[in-house]
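Since the structure comes first, as structure tokens, the remarks are kept for the end.
The values are calculated or read from the model by the stated rules, or taken from the named source; none is laboratory data. From a predicted model like this one, the values you see are computed outputs, not experimental measurements. Cβ placement follows ideal geometry from the backbone for every residue including glycine, while neighbour counts extend to all protein chains displayed.
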Amino acid sequence: MKKFTLIAVGLLIVLSIFSVRAQESSATTNAFKPGWNIGLNGGINMFMGEGNNIFNPDKSYLSPFKKNYSFLGRLAVGYNFTAIVGLRGMLGYHSFNWYTVPENSPVNTFSTENLTADLLINLTNWAKGYDTNRKLDFSAFAGIGGAYLNNNTNLTPIAGIVRGGLQSDYHINPKLNLNLMLELNLTTDNYNDVAYSPAPVDIFPVLTFGLTYNISKAEQKIPPAVQPEIQPKTEDKPVKTEEPVTKPVEPTAVASTGTKPAVTSEPVKEIKEVNEPKETPIAPVPLNLNEKIFFTANKATIINKPQEDAITNIVNFMKQYPNSTVTISGYADKSTGSIEANNLMSKMRAVTIANTLIRKYGISSKRLYLKWYGGGVQPYLTASKNRLVIVKSPTVKTTAVVAESAKAVTPATATKTTASIDTVQKVKDEIDESNLILVVNFTEKKYEVADAKQEEVIKKVGLFLQRNPDALVAVSGYADKSSGSKDANNELSKKRAVNVANILANKYSISLDRIQVKWFGGAKQAYTKPSMNRLVLIETFK
């Protein structure tokens, strides 16, 4: 027993040193890593055999039974295969007290060396998922083993053990845990060198307290902690290599929060011929890319269709504009992790999206800019929504916008089409080199450009755009809400706007990148007199 005590004290000292080193080291990632662990625990056991137990109807046994407790100590070595499943072996020294007769009986003292193997199931990780920031876990275990009986003289000195119990672990830090175990051990009836119990087994419950040190594999270092109130970490230099990478993209420099201006896109290929209005000839491309990719808690992997759909939208945009760049910004929910863990998680999410674009879709790494904010920036008020990556394209003049469906655009979403009635009425016929606001009028239920007045207005706009190559134009279609259904007016206003856009593109060689097409149906009326709203409003801006 003295030898065991000395070994136990030595292990406690070693574990304490490891604990200090673990507290000084960086936190690990929130992704589980299999690994070994070693531990030391000690406590009390209470022997119940040969009638000397609480189940005996003879209550005279109860008084000496209260004195049956004694002490034990154990060494443990285990391996965690997953966040839920692990194996553990323990070698221990147990001392026991046992009374043969009630009240005034002498105490029998004996001891054993026990070797056991347990299967552990982490119930908390099973129910809630693995989380390095969780402080308390609960597990169940079951196992078998054997014991060498030091004091047996009448019966064989070897006994078998079947055991099970519950365990709680308090995580002092990522390396060191405090353990509390409650277990029940069933042994063969020779455990106390006596075998006249009515039952074929002896029983001893155990309560122990201990420490476990986790020996993990090589740890990933986390970038320096980012305090929430400090400007979040950003990365504004493009990834170095254009080839698909074999490990996560590691940005090499940190700059201010300003994003490098995007490279001007090549003009979109123009339409060679005017198409029929029933099919919009202008490609449906968003004004600015702004995709949000949401992740589950403590995850940085692509696992569901909404994530894949968002990535497809990003790829389509970047293929439509081959010279465009995007900024990939990672975020984390600050309510579910430490500053260090959230900083790393947001970085891993941004890198995952970047590597997916590079490896799977062949997007050049030079077109990608990475940022990560940890939990220092929260785009949403709902905490769980902040587990995301936002992919944005810079606001550039050469990015065109075209509505994809016939659904009316609301006034709240319409831009640069807010000219007052008086302004429209006061437009001069002569070409002014300042921005233009001109009107092309149509007859009821018509969308064709068929008269000289309509063509003259479009000509003014076309010549203006030729002389001002940096200018953009918004073409907005309207309909008289009093003369048709909502769906019919939506379609009519769309066809009017598309026709005018096609004439500018085909007759005056205006790049589609410079033309913004909208339609409002009858939802928005430029004039108070209904019949005057059968029009297309053309507005240029520099």
Selection within the range 445-461 - part of a loop (DSSP other than H, G, I, E, B) and within 54 Å of the chain's Cα centre (by Cα): Lys445, Lys446, Tyr447, Glu448, Val449
Residue count for the range 431-444, restricted to those that are part of a loop (DSSP other than H, G, I, E, B), under 51 Å from the mean Cα position of the chain (by Cα) and at pLDDT 85 or above: 0
Which listed residue is buried (at least 22 other Cβ atoms within 10 Å of the Cβ) and in the same structural domain as Ala523 (by TED's automatic domain parsing), from Leu463, Leu492: Leu492
From the options Asn133, Asn122, Asn114, Asn152, residue that is out of contact with any Cys (no Cβ under 7 Å at 6 or more places or on another chain) and touching a residue at least 60 places away in the same chain (Cβ under 8 Å): Asn133
Filtered residues of the range 295-314 (kept if exposed (fewer than 15 other Cβ atoms within 10 Å of the Cβ) and either hydrophobic (A, V, I, L, M, F, W, C) or in the same structural domain as Asn133 (by TED's automatic domain parsing) (or both)): Ile303
Test: residue in the range 103-114 that is surrounded by fewer than 18 Cβ atoms within 10 Å (Cβ to Cβ) and within 28 Å of the chain's Cα centre (by Cα): no
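Of Leu438, Leu465, which residue is within 24 Å of Tyr321 (Cβ to Cβ) and in contact (Cβ under 8 Å) with a residue 12 or more places away in the chain?
Leu465
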Failed item in (1) within 14 Å of Lys292 (Cα to Cα); (2) hydrophobic (A, V, I, L, M, F, W, C); (3) not in a helix (DSSP H, G or I), with Ala350 passing the rest: (3)
Among the candidates Glu183, Glu235, residue that is modelled with pLDDT under 70 and of a type in the set (D, E, K, R): Glu235
Cβ-Cβ under 7 Å pairs, at least 6 apart or on other chains, the range 296-308 side touching a residue at least 60 places away in the same chain (Cβ under 8 Å) and within 11 Å of Thr336 (Cβ to Cβ), far side among the small types (Gly, Ala, Ser) and assigned to a loop (DSSP other than H, G, I, E, B): Ala297/Gly129; Asn298/Gly129
Flag for Asn506 being touching a Pro at 6+ places or on another chain (Cβ under 7 Å) and either modelled with pLDDT of 90 or more or part of a helix (DSSP H, G or I) (or both): no
